[in-house]
1. Taking the range 182-206, which residues are surrounded by fewer than 24 Cβ atoms within 10 Å (Cβ to Cβ), part of a loop (DSSP other than H, G, I, E, B) and touching a residue at least 40 places away in the same chain (Cβ under 8 Å)?
2. Please determine whether any residue of the range 227-235 is open to solvent by 10 Å² or more (accessible area, probe 1.4 Å) and within 30 Å of I7 (Cα to Cα).
3. Please tell me if G205 is small (G, A, S), at pLDDT 95 or above and within 26 Å of Q373 (Cα to Cα).
4. With the condition being modelled with pLDDT of 95 or more and of a type in the set (D, E), I'd like the strands (runs of 3 or more DSSP E) fully within the range 385-472 carrying at least 3 qualifying residues.
5. For P172, which of the numbered conditions (1) open to solvent by 60 Å² or more (accessible area, probe 1.4 Å); (2) in a loop (DSSP other than H, G, I, E, B) fails to hold?
6. Does R466 fit the bill of being open to solvent by 80 Å² or more (accessible area, probe 1.4 Å), under 27 Å from the mean Cα position of the chain (by Cα) and among the basic types (K, R)?
7. In the range 148-165, how many residues are of a type in the set (G, A, S) and over 15 Å from I346 (Cβ atoms)?
8. When you scan the range 153-165, do you find a residue that is in contact (Cβ under 8 Å) with a residue 40 or more places away in the chain, open to solvent by 10 Å² or more (accessible area, probe 1.4 Å), outside any loop (DSSP other than H, G, I, E, B) and touching a strand residue (DSSP E or B) at 6+ places or on another chain (Cβ under 9 Å), even just one?
Amino acid sequence: MKRENLILLADAYKYAHHKLYYPGTTQIYSYLESRGGMFNETIFFGLQYFLKQYLQGKAFTQQDLDEAEGFLLQVFGRDDVFDKSKFQYILDKYDGRLPVKIKAVPEGTAVPTGNVLMTIENTDPECFWLTNFLETLLMQVWYPCTVATLSNQIRKVVAQYFDETASEASKPAIDFVLNDFGFRGVSSVESAKLGGAAHLLNFNGSDNLAGSSMALSHYDATKVYGMSIPATEHSICTLLGKEGELEVFRHVLRTFPEGTIACVSDSYNIFKACEEYWGEELKAEILNRRGTLVIRPDSGDPIMTLLKIFEILFDKFGYAVNEKGFKVLPPQVRVIQGDGVNYEAIKNIYKALKENGISAENLVLGMGGALLQKIDRDTERFALKCSHATINGREVNVEKSPAEMDAGGHITESFKKSKAGFLKLVKINGAFKTVNQDDHSDLPDYLHTVFENGELVNEINFEQARDNVNKG
């Protein structure tokens, strides 16, 4: 498949910047950071996808360049903005291999916000303009980083409530508590790939096949990480109408007499389904199965609905009390909440379960749009800014420091203040800190070269990225 035309993968205003940089500029050095938002740390992930997909090797061809020339002439309606010779130089001298150097923290690493995650600089003084031309594309790493971070923060919530309420033997099940239901809810297949793989750094439950596929193709995963189970949807459970729902449930159980299955049960009355159908008519069949039935509500207030469902299921199926004093259904029955699930809702759901004596091990979750789509670049406030330049042979530290007015009318420094100089990421007393390249010469730099002059360097595989998350 033909690559996207890299020359056209930038915001339109970028094409005039080669003229707008001050005369004599020969180097631009920029860095990426998460300036702080929903969470106080960010898991870095996804850069290797963009490097492999768009930048590695010959990044563009003569055909691409000729196509871009005609296209951009129409965009601007004038011929003094886009300078074809700038790209022609790269094509002729480097065969389309980009003369830039990119350094980054190892993927999967959790870094406190406000620290450098990646740097990029040109390696040919004629291509000073190229550094920030690539911002538009490389900035999109915000998306997999944010999904990985959100998914990881949810895992921390789940682990907390398993620690407080669940049996020790149930803790391996945490890997399957949060399931990615987001494929249909994202804006593109590429988003499904990037977000789906980012989620798989933290959990193994996923209906998003694109995520596993991307981990294989761009991160050399040794196996498929996203795992799923047979499950119904409403088109199945409503096929025989309200009066036929019980018969459909019976058919579902008998189609898969072993293993874990999930069945949506709110097509008409979730409480009747749990009490009469699952809890009475099919109770013996459920308890005699070699596997688990996962009952899925899909409407109503999540907390009130779940508490009522568990009350019914405990009454009908009985329960054990684990070593921490919380109720646990028989292993043949569990519940999955997949509607109205987001970060805050998850915290509130588990809090309500705990307050009502219900172990976290009774519940698993499905999360779709809130996991992969209801985020943006400002969720973790990503920015890519120039921090150093060379102009007429002079080294210049570059920074922005905007002034803002607070609610009281006072002028204050903006959170958008940027860093200056060549940067490195070190650990001081076990904590990451961004410092000037010349400072702390005794400490190793956690930024490693990952791309140089068209070639990937220090390629990482998916297992290494997952290990880096676990180390955090």
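1. Scanning the range 182-206 gives V186, S187.
2. No, the range 227-235 contains no residue that is open to solvent by 10 Å² or more (accessible area, probe 1.4 Å) and within 30 Å of I7 (Cα to Cα).
3. Criteria met by G205.
4. Output list is empty.
5. The failed condition is (2).
6. Taking the combined requirement at face value, the residue does not satisfy it.
7. Qualifying residue count, the range 148-165: 1.
8. Within the range 153-165, one or more residues are in contact (Cβ under 8 Å) with a residue 40 or more places away in the chain, open to solvent by 10 Å² or more (accessible area, probe 1.4 Å), outside any loop (DSSP other than H, G, I, E, B) and touching a strand residue (DSSP E or B) at 6+ places or on another chain (Cβ under 9 Å).
The values are calculated or read from the model by the stated rules, or taken from the named source; none is laboratory data. Since the structure is predicted, the reported quantities are computational estimates derived from the model, not experimental observations. Please note: Cβ atoms are built from the backbone with ideal geometry, for glycine as well, and neighbour counts cover all protein chains shown. We work out accessible area using only protein heavy atoms, side chains counted, and drop any ligands, DNA or RNA first. Shrake-Rupley method; radii C 1.70, N 1.55, O 1.52, S 1.80 Å.
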